[in-house]
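What follows is a single structure, written as structure tokens, with notes after it.
The values are calculated or read from the model by the stated rules, or taken from the named source; none is laboratory data. If you're wondering where the values come from, they're calculated on a predicted model, not measured in any experiment. No Cβ is skipped: glycine too gets one built from the backbone with ideal geometry, and neighbour counts run over all protein chains shown. Just so you know, the surface numbers come from the protein's heavy atoms only, side chains and all, with ligands and any DNA or RNA stripped out. Shrake-Rupley method; radii C 1.70, N 1.55, O 1.52, S 1.80 Å.
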Amino acid sequence: MFEDRKRVFVDLLRWNVPVSEGRYEIDQFDDEYAIYLIVEDGNGRHLGSARLLQTSRPHILGSLYPHLCDTEVPHGDSTVEITRFCLSPRITAQERKRVRQSLVSAFVVYAIMTGIKTYTGVANNQWFKQIVNFGWDCEPLSCQNSTAYTDLIAFKIAITEQTIHLLQQSGMFTEDTLQMLQSGPQAEQKHVSNVAQECEHAI
């Protein structure tokens, strides 16, 4: 995952972010509190991933880009930031579509299972338009459009009992199996197969 993040964000997009050992894109937010949603091929090969950051702790929007919000940066126990949405540069265009669907679906499933009501994030204008077109309830956190000075837009996504239906209507929701892994002395693995049914019950 960290190798692909380096290939995408540093080699391809030319972001000025830290690189560890010349191979891994790892920054100050990749700590023990970060949560990762990862799509793999069944043999451990990374296909795509995203990082979730608690907004009650330091996070990208609150720490680096609060000026992108017209009002106070959304934060709290039920608000989580989406960062480092990364699709492996090694996969095909058809695989990219499937992996993107899997990640977007995982955002919703994980949110409903853990009580997340709002996702926030920062994206450039082109990527923000794609995020909106996924079909969920997404809106910018500023009424000002991106300018030549900054192409970045802060946004929020509301997770409600309608979110799965909205993504199903746009063709973005997929019934993949979600495996939740936790570390620590009480580590456990949880498999969720009937995703839509279980999530609707959880709501």
- Compute the label zone of Ala34 within segment 107-138: residues whose backbone N is under 16 Å from the point 7 Å along Cα-to-Cβ. 122
- Message: How charged is the neighbourhood of Ala34? Take every other residue with its Cβ under 12 Å from the Cβ of Ala34, and add Lys/Arg as +1 and Asp/Glu as -1.
- Response: -2
- Item | Packing-based ranking, highest mean first, of 51-61, 87-97, 156-166 given that Cβ atoms within 10 Å are counted | 51-61, 156-166, 87-97
- Go through segment 96-171 and name the chymotrypsin sites (Phe, Trp or Tyr not before Pro) that are in a DSSP coil and have 13 or fewer other Cβ atoms within 10 Å of their Cβ. Tyr149
- Query: Given labels modelled 7 Å from the Cα in the Cβ direction, how far is it in nm from Asn43 to Glu161?
  - Reply: 4.5
- Query: For segment 1-93, what % of the accessible area comes from carbon and sulfur atoms, probe 1.4 Å?
  - Reply: 49
- Item | Relative contact order (percent, whole number), segment 3-132, Cα cutoff 8 Å, 6+ residue spacing | 24
- Note on the structure: Heads up, segment 65-155 by the C-alpha gyration tensor (a ≥ b ≥ c square roots of eigenvalues; a/c under 1.5 rounded, else a/b over b/c prolate, else oblate) looks oblate
- Counting only residues 5 or more apart in sequence or on a different chain, those whose built amide H sits under 5 Å from that of Val39 are Leu47, Gly48, Ser49
- Query: For Leu141, what is the net charge nearby, where nearby means another residue's Cβ is under 14 Å from its Cβ and Lys, Arg count +1, Asp, Glu -1?
  - Reply: -4
- From phi via Karplus (6.51, -1.76, 1.60), per-residue ³J(HN,Hα) for segment 89-96 in Hz, x at Gly/Pro: x, 8, 8, 7, 4, 5, 5, 4
- Query: Each residue of segment 20-36 in turn: what ³J(HN,Hα) in whole Hz from Karplus with 6.51, -1.76, 1.60 and θ = phi - 60°, glycine and Pro shown as x?
  - Reply: 9, 6, x, 10, 10, 8, 9, 10, 5, 8, 7, 10, 5, 8, 5, 10, 10
- Message: Less than 12 Å Cβ to Cβ from Ser56, Lys/Arg counted +1 and Asp/Glu -1: what total charge do the surrounding residues give?
- Response: -1
- In nanometres, the difference between 0.36 nm per residue of separation and the alpha-carbon distance of Gln144 and Lys117 is 7.3 nm
- Task: Send over a whole-number figure in Å² for the accessible area per residue of segment 26-95, probe 1.4 Å.
- Result: 51
